[in-house]
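The values are calculated or read from the model by the stated rules, or taken from the named source; none is laboratory data. Everything quoted here is computed from the prediction, not taken from an experiment. Here the Cβ is made from the backbone with ideal geometry for all residues, glycine too, and neighbour counts use every protein chain on show. For the accessible areas, the whole protein counts, side chains as well, though only heavy atoms, and no ligand, DNA or RNA atoms are used. Shrake-Rupley method; radii C 1.70, N 1.55, O 1.52, S 1.80 Å.
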Amino acid sequence: MAFVNRKLLKRVTAWAFIFALATTLLNGGSKMSSGNRRPNRLARETSPYLLQHAYNPVDWFPWGDEAFEKARREDKPIFLSVGYSTCHWCHVMERESFEDEEIAAILNEHFVSIKVDREERPDVDEIYMRAVLIFTNGHGGWPMSVFLTPDGKPFFGGTYFPPEQFKRILLEIVRLWRDERQRVLEVAEEVSRAIAAELQLTVPTAQPFDETSAEAVLKAAENVLLKNLDKNHGGFGGAPKFPPHQALEFLLRRYERTKRLPLWEAVELTLRKMAHGGIYDQIGGGFHRYSVDEKWLVPHFEKMLYDNAQLAQVYAWAFHLSGDDFLRRIAKETYAFVLREMTSPEGAFYSALDAESNPPSSRQSPVASRSKEEGAFYLWRPEEVKAILGEKDGDLFCKVYGISNEPNFVNPHTGYSGCIPNLLKAPVENWAKALGISPDELWAKLDECRAKLLEARDKRPRPNCDDKVLTSWNALMVRSLALGYRYLGEESYRQAAERAAEFLWAKMRKPDGTLWHSYRNGIAKVDGMLDDYAYLLVALLDLHETTNEGKWSERAKELADTMVSLFWDERNGGFWFTTERKDLLTRSKPALDGAEPSPNGMAALGLLRLANETGEERYAQIAKRTLETFGGFMVRLPHGSTTLLSALNEWQMTRKETTKVVERPIERIWVEPEKLTLKAGETRSVKLHIVIAEGWHINSNEPQPNLQPTQIGIESHLVEIERVEFPPAKEVRLGFMDEPIKVYDGTITVTIWLRTKPNTYGSETLTLRLRYQACDESRCVMPSETDVHVSVSVIP
């Protein structure tokens with residue numbers, strides 16, 4: 001989510017167009033030979049992603065002072081490439097461009113090239129992804145390709161570039177750096193300022209949360225999520241679909257508290273549809289990263305620790321609330337996958353499994369030059385299944401799991417194809433009924449078949465494993481296993497959680513009590529960031545609640561104190577993502593969820609629970625101020641703020657305060673006429689009168705950065721809004737805003753034109769809903785809603 005000044009975006013977009021004119025999407029580029037390659041500096045790194053590039057002909061540097069000093073000394077721009085080891089398009093760009101001798105020669109002569117593992121340095125990734133979103137008008141992703149000045153300020157960027165286009169971009173940037181340096185530096189300066197403003201953005205509430213205002217925010221968030229639910233396939237929104245871990249956890253929390261049935265129905269639908277799809281590994285358990293389609297059928301095949309940690313606990317929690325054995329099955333299979341394939345001998349958890357692998361010996365890639373294919377480890381053909389299971393069982397398995405001679409996955413770039421096992425055609429219970437046997441009997445047979453197929457699949461060439469250990473992701477897995485033990489009663493989960501937690505406390509903690517972020521081959525590196533501390537804090541508290549062992553609570557308190565001392569912003573509220581570092585362009589305050597939970601949301605949740613555990617009020621005060629610092633996000637972007645919302649739900653349940661007298665920026669609101677009769681096909685207007693209190697104004701209906709515009713909504717079976725006529729707005733300057741804003745004050749009238757819906761007749765009381773945000777000279781209060789009602793009749 002980017003809050004970028006629109007004027008800046010236009011200027012930068014126009015500048016980026018210069019580069020676009022110089023590029024065409026062509027294929028090509030000569031490959032270097034595979035022999036006699038010398039390692040570059042990345043060979044000394046521990047990151048599997050950086051090591052993948054250790055024999056590129058590009059003279060790569062890791063992120064650090066050496067690279068920036070060279071760029072300043074030689075007066076060269078920096079090419080920054082950011083990715084991760086299981087990223088499919090990162091592999092493609094490496095093969096096409098970074099292994100290309102001609103492209104490498106251009107980079108080595110004219111640039112200082114830096115390679116970054118985004119999982120090892122999420123702070124660097126976050127900063128420069130904001131630049132890419134500016135340059136591409138909101139289209140980010142990996143590999144991320146950014147061009148910087150020697151002091152780290154970005155002036156152009158994108159994601160994956162085909163080799164010929166990339167070569168042309170490089171040559172154009174060489175020209176611009178030589179001939180139009182001042183223009184480059186001006187763009188870099190403007191973009192850097194925009195990034196700093198965005199990453200440090202907070203949208204606070206104007207007054208402290210109380211029981212009433214918190215409940216209103218929580219209920220509104222529920223309704224937004226339910227409105228955006230895909231009622232056919234589950235999840236929220238369309239393709240591509242990522243597992244909505246945090247949203248599901250928030251809905252489960254609210255359902256557990258309110259017993260509001262639509263919340264459970266949304267969770268159950270999504271969990272079932274994901275587990276039936278190809279995004280779930282039907283043979284070996286565990287979830288792939290995301291689905292390219294709305295049905296959850298075709299995934300990107302990498303498997304990430306953070307996905308499986310969060311999803312396993314949601315399935316386990318859902319089983320606890322429902323008693324549904326299918327949900328328990330998915331939770332247990334996902335935990336089994338992690339413990340089997342992503343656990344180190346030391347008890348920590350690896351980061352990810354790659355999407356690509358060499359095809360089985362019985363198949364080859366249609367493209368002779370390729371050795372690896374996306375999804376090759378997970379795809380099946382009917383003859384392969386029957387060779388392992390026999391004709392009868394193989395035929396049954398193929399029918400149930402949708403494996404046929406018509407592949408449901410074809411790589412559009414290579415033609416490699418196969419079938420992704422799935423249950424989207426019908427659940428196992430339906431197949432059992434059709435076969436005249438019980439579901440338990442069919443599941444037993446399918447489990448027997450799946451065990452044989454898993455054994456056979458394990459003999460295939462395996463995807464690479466990114467075996468670095470990240471504190472943050474391991475903490476998510478520790479928490480998940482602790483909850484899995486609580487809800488499923490499996491002793492092995494508790495043992496695995498405690499073993500991993502002990503590893504983190506022993507290996508990822510420095511003598512001064514601060515944390516390391518990354519570990520591999522006995523080497524811990526990179527200073528811990530807020531997510532490392534916040535996730536581990538919550539994990540330790542869940543371990544304490546599950547095991548009742550005091551050491552976990554004691555460690556949680558020690559960790560919380562360190563987190564607050566390192567990252568808390570006493571002046572403005574909220575937690576910084578990093579400490580002040582000279583190698584970073586700016587610092588951020590991450591509030592919104594991504595594939596991982598909001599670090600500020602998890603910090604607030606952990607501190608609230610610690611306050612309840614220890615009785616120390618200071619933790620609750622910091623947590624509450626954090627929630628109020630980002631309260632506007634929960635109102636305006638609830639779908640991206642569900643971890644913050646979960647923390648707000650925790651606060652309201654355990655530490656709610658007495659409702660206080662609320663100011664009334666709007667003194668009166670009424671509609672004329674109060675009764676309305678329309679003929680079918682007719683359009684008529686009503687007038688909404690609003691009296692705004694002296695000293696207050698409400699924002700105009702025009703969108704303005706970080707403000708809720710005045711909007712009119714309707715709930716009616718008979719009529720709909722055709723158009724709304726707002727009065728002219730006035731422009732004012734407020735002491736706490738940099739730019740003037742457009743507002744309404746005094747008494748205003750809004751004209752709302754209503755038209756009848758096709759083929760509907762009758763009478764009802766419709767609701768007109770005014771949504772607005774009021775401000776005075778010193779602050780803006782949280783957005784509010786007010787309803788007025790009109791009796792309406794539609795006659796033929």
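Just wondering, is there one or more residues in segment 401-422 that are open to solvent by 40 Å² or more (accessible area, probe 1.4 Å) and among the β-branched types (Val, Ile, Thr)? Yes, because at least one residue in segment 401-422 is open to solvent by 40 Å² or more (accessible area, probe 1.4 Å) and among the β-branched types (Val, Ile, Thr). Listed conditions (1) touching an Asp or Glu at 6+ places or on another chain (Cβ under 9 Å); (2) farther than 22 Å from VAL564 by Cα; (3) open to solvent by less than 10 Å² (accessible area, probe 1.4 Å) are all met by ALA611, apart from (2).
Could you look through segment 704-726, keep only residues that are open to solvent by less than 30 Å² (accessible area, probe 1.4 Å) and not in a strand (DSSP E or B), and pick out the one that is modelled with the highest pLDDT? If we take residues in segment 704-726 being open to solvent by less than 30 Å² (accessible area, probe 1.4 Å) and not in a strand (DSSP E or B), then THR710 is modelled with the highest pLDDT.
Among the residues of segment 693-703, those that are within 31 Å of the chain's Cα centre (by Cα) and surrounded by fewer than 16 Cβ atoms within 10 Å (Cβ to Cβ) comprise GLU702, PRO703. Pairs under 6 Å by beta carbon, first residue without any contact (Cβ under 8 Å) to a residue 40 or more places away in the chain in segment 516-538, partner in a strand (DSSP E or B), six or more apart or different chains? As it stands, the answer is ALA524/TRP516, since those pairs meet every condition given. Pairs are defined by a Cβ separation below 9 Å, a sequence spacing of at least 6 or placement on different chains, a first member in segment 49-60 that is under 19 Å from PRO122 (Cα atoms) and charged (D, E, K, R), and a second member that is open to solvent by 10 Å² or more (accessible area, probe 1.4 Å) and at pLDDT 95 or above; no pair meets this definition.
Applying a threshold of 9 Å to beta carbon distances and a minimum spacing of six or more residues, or different chains, the list of pairs starting in segment 173-195 at a residue that is farther than 22 Å from ARG130 by Cα and ending at one that is among the hydroxyl-bearing types (Ser, Thr, Tyr) and surrounded by fewer than 21 Cβ atoms within 10 Å (Cβ to Cβ) is empty.
Out of all the residues in segment 578-599, is one or more in a helix (DSSP H, G or I) and out of contact with any strand residue (DSSP E or B) (no Cβ under 6 Å at 6 or more places or on another chain)?
Yes: segment 578-599 contains one or more residues that are in a helix (DSSP H, G or I) and out of contact with any strand residue (DSSP E or B) (no Cβ under 6 Å at 6 or more places or on another chain).
Looking only at residues of segment 81-139 that are more than 29 Å from the chain's Cα centre (by Cα), closer than 20 Å to GLU45 by Cβ and aliphatic (A, V, I, L, M), we find that the one that is surrounded by the fewest Cβ atoms within 10 Å (Cβ to Cβ) is ALA104.
Regarding ARG73, is this residue within 25 Å of GLU373 (Cβ to Cβ) and open to solvent by 20 Å² or more (accessible area, probe 1.4 Å)?
Values: within 25 Å of GLU373 (Cβ to Cβ): no; open to solvent by 20 Å² or more (accessible area, probe 1.4 Å): yes.
Judged against the criteria, ARG73 is not a match.
Of the candidates PRO638, PRO597, the single residue that is open to solvent by less than 20 Å² (accessible area, probe 1.4 Å), in contact with a His (Cβ under 9 Å, 6 or more places away or on another chain) and within 24 Å of GLU198 (Cβ to Cβ) is PRO597. Scanning segment 160-211 for residues that are open to solvent by 40 Å² or more (accessible area, probe 1.4 Å), assigned to a loop (DSSP other than H, G, I, E, B) and more than 19 Å from GLY632 (Cα to Cα) turns up TYR160, GLU180.
Here LEU585, LEU592 are screened, and the one residue that is touching a residue at least 40 places away in the same chain (Cβ under 8 Å) and farther than 28 Å from ALA501 by Cα is LEU585. Within segment 559-577, being part of a helix (DSSP H, G or I), touching a strand residue (DSSP E or B) at 6+ places or on another chain (Cβ under 9 Å) and under 16 Å from LEU605 (Cβ atoms) holds for LEU559, MET563, VAL564, PHE567.
The residues of segment 399-444 that are in a loop (DSSP other than H, G, I, E, B), polar (S, T, N, Q) and at pLDDT 95 or above, listed by number, are SER404, ASN405, ASN408, ASN422, SER438.
Filtering segment 60-85 to residues that are in contact with a Lys or Arg (Cβ under 8 Å, 6 or more places away or on another chain), within 18 Å of PRO143 (Cβ to Cβ) and in a loop (DSSP other than H, G, I, E, B) leaves TRP63, TYR84.
Looking across segment 670-697 at every residue that is in contact with a Ser or Thr (Cβ under 6 Å, 6 or more places away or on another chain) and assigned to a strand (DSSP E or B), the one that is nearest to PRO758 (Cα to Cα) is identified as LEU678.
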